[in-house]
Structures are given as C-alpha cells and as structure tokens.
Amino acid sequence: MELYSRSNGAEFGLTPEAFDQTLREVAKKYLPADCPHIEVYQFWATLRLEELALARACAAGQERAWEVFLTRYREKLYDIAGYITREASTARELADCLYADLYGTTLRDGQRVSKLASYTGRGSLEGWLRTVLAQEYVNRYRRQRRLVSLDEESEEGVQFPAATPEPVVVADSRVNAAVDEALSELCGEDRFVLASYYLDDRTLAEIARTLHVHESTISRKLDKLAKALRKRILAGLRQRGMSRQQAQEALEVDVRDLQVNIRGRLMQEAATPSFSEKKAKAPAGEASG
Amino acid sequence: MTELPKVVVQRLQTATNAVHPDPDVITSFVEKSLGERERDQVLGHLAECRNCRELVALSFPRHEAALPAAASVRPAWLAWPVLRWGALAACVVVVGAAVTLHRQFRASVPSGLSAGRSDTPRVAQERVQTALRSDTSAVEKAKPSFLQPSEAKQDLDSLAKKVVSADKESPKRMVAAAKTAKPPVPVPGLRDQSRSIPAQTEAVEADSTAARVNPSSTAMDEFVPGRAKDAPPPSAPEAAMAAGAPMPAKPAVAMAQSALVANKRALATLVGLPPRWTLSADGTLQRSFDSGRTWETVSVAGQASFRALAADGLEIWVGGPKGALYHSSDAGQHWTQVQPTANGEVLSGDIIGVEFTDRLHGTVTTSGQGKWITADSGQSWEKP
C-alpha cells in the first residue's frame, strides 16, 4: 500500500489491485521464484513506481494518465526521434509510429495491446521511450536496407554486385584456439571495449560515455588490452608447439589476408582487356617500379 | 592506438545466440542503475552482439543533455543583463589592460623606472600638491559618483574600447585617453560579484587598473605602468596622490599577469560555464576549466578515492567507500562532508551512485542497492 501511495496510481486511475498485479509481474520477470520476500520488496522499492503506474494506467486506457503522458513526453519523443534519425520527416514518422504502438493498435483477444504494458519501471520512462525508439529505428533501417531495389542501388552508385563471399580458409587451428582462449579470459567489459573500438569503430568518447568513465581511461585500457592479448596469444601459441618466431609470424601475417590479395590480384588480371594492352603498359610499369 | 592482429578482430566477431536484453534492462544499463551482476551480464552480451551495441549507443541521451545543466543553474546576480554585460566588459578590460600594460612596461621601463625610483616621498608629496593646485577641477571630477548600471556599462564599454585600441597608440595618447575617462565607478553589483567569486576578484581589480587612471594626471611626466593599479580607492586627494606617487612597476605587471592567469577561470565562471568534472581511474576527483583539455586534481578533505560524482552548475557531490559523501556549492572551492541519516540509520555502505536532478533533489545509491533521497540539498534524508 505504501508503494501504491508513492506511485500516485490513484491519480492516474490505476487501482491498487492492478498496481499490485503489475508489481508481481515485474518481480516474476526479473527475480527467481524462491526469492525472499524482503529482497522482492527491496527490488520493488528501486523501481520507478510513479512512471510505472503512469505507463500501466495509459496501457489500461485511462484518459487522465494519457493527458499526463502527453504533457510530459510528447515533445520529448519528437526530440529524441530527431536526435536518433537526424532527419525531420523520418523522425516524425518514427515518433508517430511509436505513438501508435504505445496507444495500442493491435488486438489480442479483442483487447487493445499497448506497448506501454511492457514497461517495467527499471529505468526511467523517458529512457525506455528512447530505447524503444532506437530499437524501432534500427529494425526499420535494416528492413529498408534489405528492400532497396536494384534501381536505387544503381542511383546510389552501387552498380556492381559485391564480390562473392570469400571462401572460408582454414587457418592454423592453433592460432584460432590460442586467440579464443585469450579472448575468453577477458571479462565482458574488456571484450565490449575491444569490440566497440575495433569492430564498431566507436570513438573513445562514445565508449567512455557508455561505461561512465573518462575517455583517457578507455584509451589506456585499449592499449593495455591489446598488448596483454598479444602476449597471451603468443604464449598460447608457444604452448601449442610453435617456436617464438613461428608464433610471432602466425600472429603478424594472417594467411587469410594473403588469400584475399591473391584472389583480388587474380580477378584483376582476369578483367584485363587484352594481353597486347598489358604488354604495352609493361615497360612503363617496369620503369616506374 | 595499438593495433590488434586481424585474426583477433575476426575472432571477436562471434555472433551470439543468447537472448537479447529487453528495453528496460538496456535503459537501466544506460542509466547506470543496474546491479553489478546484471551489468556484467549485459556487458558480456554486448561484447558479442553488435545489434545491441548499436542500440545502446543510440539509447544514450544526447551529450548536451547528459552534461550538468549549466545554463539553467546560474547565480542570481548573473541573471541581471546589465551586470552580465558589465562583467563581460570587465573581462575585456582586464585582458586589454594587462596586454597594454605589459607592452607599455617593456617600452618605457628605463625612463619610467628611473623617474619613478628617483622620486623621494617628499618630492612625491610636492608633486601631489602641485597637481592639486594646478587642476582642482580635475580633482573634483575624481570624486566618486554613483552611476546608474546602464551608465556603468557604457563607461566600461568605452573604457574597454579605449584600452584595447591603446594597444596601437603611443603612451601619450594612452594617457590622454585615460584623462578623458570617467573616474572609478563603484557599481554595487560588481563589487558583490568580486566578493562571491574569489577568482573573479583579481579580474575586477585588474579592471580597475584602467578605471582608476586619475583625470588629474596632467602632472604626470610619463606613463608608469602599474601606478594606477596600486592606487588607493578613488577619493580625490588619494587619487591625486596616485598620480604623482612613484610606484614600482614590476609588482603591477606581475599582478596583471596573475590576473590574466586567473582570468581563464573567471571567464569560465562569468559566462556561466562551470568546470567539467571527472573521476580518474583511481577515484581521484579532477576538474577542467578548458573543456577537458587540461585537468587538475581536486583534493577533497584528504579523501582519495571516490566512485560517484554528480555535478550541477557550481554544485558538486562526490561519494566513495564507507559512506564518504562530500558536497561543494562553490565549484569545489570548499567541501562539506555530509552524513545521511534516516530513521536513525546512518549511511555507512559504499556509495556507488550519486544523482541530483537539481540543486535540491538527489539520490545516493549504495553498493547494497540502498537508496537515500534528499529534497533539500542534503539537509535531510529519506530512505525508501
């Protein structure tokens, strides 16, 4: 009852029973079934109770709750969409689409299903809306990318289809095993930093913001991780029977790079118009080389 | 940055089949409200799932919003437009005066110093009396007059222009410009500013360097840098004394230089930009006045290690192990230890999160998932 009074559920037209049911759903989702009651209560106390009550009241179709929701979040939602898409018309379209989902257009057993019913109050409602918008944007973007027509590709300058995927070349299995072993020894945060920087090309500032640390910390961590990884992999390769020099060569020269280059070189030569032209260019090439 | 071998990068690209965290968990991760165990789980998933990494990156609020709301929480006096412009003009005057004085000093050190040092106090007194006799009207002008703020602004603006343009003028023209300037303008608000912000005090005083050049200085043979700076407050006889009294130029230049150094900090404060704050990897509190280019370590009551930081304008909160919670309401100049208590219970756990939505309302989170809430800037606490 104390939690209900803190949630202002009555103001939004949410009954204590409905609120109690909501809390039980949330606890069931995130806590084990045999969780002690005191821990369950502590978990509930950490929730954004007022925003949870508002969202559930909106999902239940309470007009007063919708008034409050629109007053608080309408403009913010368009701002967030603008920030995510960086294009006004797309932002409006995205926000309108989410509004439809929040209001609930799909029916289940004759009942309107609102996306707000899935909000559990673990983070702020504004943050949740931002995440849901971002998720919708990512999904739409991918869908649209898959549906790009050949004409559009041509207009964009993508006139040639991508080369067929490179054949999987089996490298020395000892290298893969050593690398996998070294990576598995890292904690999740370290692997996240590596993946964000080396795979996603995120900036130091972006990674630092995600982990709530200073970007110089990330810079130092990356340097340290790269050096430690190299050392650990080299040690792993030597354990697997390689000499020091062999291990270093295996790590420095990636066989697959050679394969790609040879393949590319072969393709270039195949596309060369005629032997006579190549022969005519040869002296110039030799002169420059 | 150290390059990773390509084979390592490729092995990092392992796809995951694990269940993706729902938007609530992602939001909690972004807002740093997940427990340690859950956070590690999410990070482990993010390390393997490119889609979720992209989602997290998009889910962060824009950078400006994440920063402390500097513009919204400003000292009340700075909200007064006239004073705001006045303060800006004062800064311009400080910079201009310091540069001018420095150049003038370099140009006229031999004659100026020899003349100044050869004067005995008696000679100086005679020169004062001569000045008083010869230009009583100017002395009259030197009496303090309280201007309206708008006049004060115009006066500061005109002074700023003159001082800056004097950079290109000869010393005599500089003296002439100083003569035509109005006597010092005691603007109450400006004085209040100098009291409220220590770093700014130097800037305002350096500003007076230009403002205190005495109109009755017809007796001046040459312009001696720093003389006006060291002049006493602007009463007529004292101002006349300042015109003739020999003053060592070196301390004045040193003070002008120190004013320049302090000016960087004062400028940041005057335009409403509070310093940027961060915690280093070892938990040391650091502050930057130049948008993060350089950082200086801030000592907080001998406490070395902190884990949480909240900055809102000039209000700073830092929290660390064993309930160490400190608050500064003057951008880190002074610190007060805060000991939250609620219902007889004292916060003694490790503080892992401090969040303040405004100057009054904030939440402190401990490692045991305990939350302490205040609605009066830490005067009283509530434990939900």
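Annotations for the structure displayed:
- Residue tally, condition within 19 Å of B:LEU314 (Cβ to Cβ) and either within 12 Å of another protein chain (Cβ to nearest Cβ) or of a type outside the set (Val, Ile, Thr) (or both), over segment B:356-384: 11
- Tally, over segment B:73-105, of residues that are assigned to a helix (DSSP H, G or I), of a type outside the set (A, V, I, L, M, F, W, C) and either at pLDDT below 75 or in contact with a Ser or Thr (Cβ under 8 Å, 6 or more places away or on another chain) (or both): 1
- Applying a threshold of 6 Å to beta carbon distances and a minimum spacing of six or more residues, or different chains, the list of pairs starting in segment A:57-69 at a residue that is farther than 14 Å from A:TYR99 by Cα and ending at one that is among the hydroxyl-bearing types (Ser, Thr, Tyr) is empty.
Residue-by-condition table, conditions (1) modelled with pLDDT of 75 or more; (2) not basic (Lys, Arg):
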residue	(1), (2)
B:MET1	no, yes
B:THR14	no, yes
B:VAL19	yes, yes
B:ARG39	yes, no
B:LEU55	yes, yes
B:LEU58	yes, yes
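- Test for A:ALA88: is it of a type in the set (A, V, I, L, M) and in contact (Cβ under 8 Å) with a residue 12 or more places away in the chain: no
- For first residues located in segment A:179-192 and more than 8 Å from chain B (Cβ to nearest Cβ) and within 21 Å of B:GLN41 (Cβ to Cβ), partners that are part of a helix (DSSP H, G or I) and of a type in the set (Asp, Glu) and lie 6+ apart or on another chain with Cβ distances below 9 Å do not occur.
- Check on B:SER367, within 28 Å of A:ARG122 (Cα to Cα), hydroxyl-bearing (Ser, Thr, Tyr) and at pLDDT below 85: yes
- Selection count where residues are more than 9 Å from chain B (Cβ to nearest Cβ) and part of a helix (DSSP H, G or I), scope segment A:196-223: 3
- In segment A:236-254 there is no residue matching the filter, namely being under 30 Å from B:THR294 (Cβ atoms), facing chain B (nearest Cβ under 9 Å) and not charged (D, E, K, R).
The values are calculated or read from the model by the stated rules, or taken from the named source; none is laboratory data. What you see is a predicted model; the values in this text were computed from it and never measured. So basically every Cβ, Gly included, is an ideal-geometry build from the backbone, and we count neighbours across all protein chains shown.
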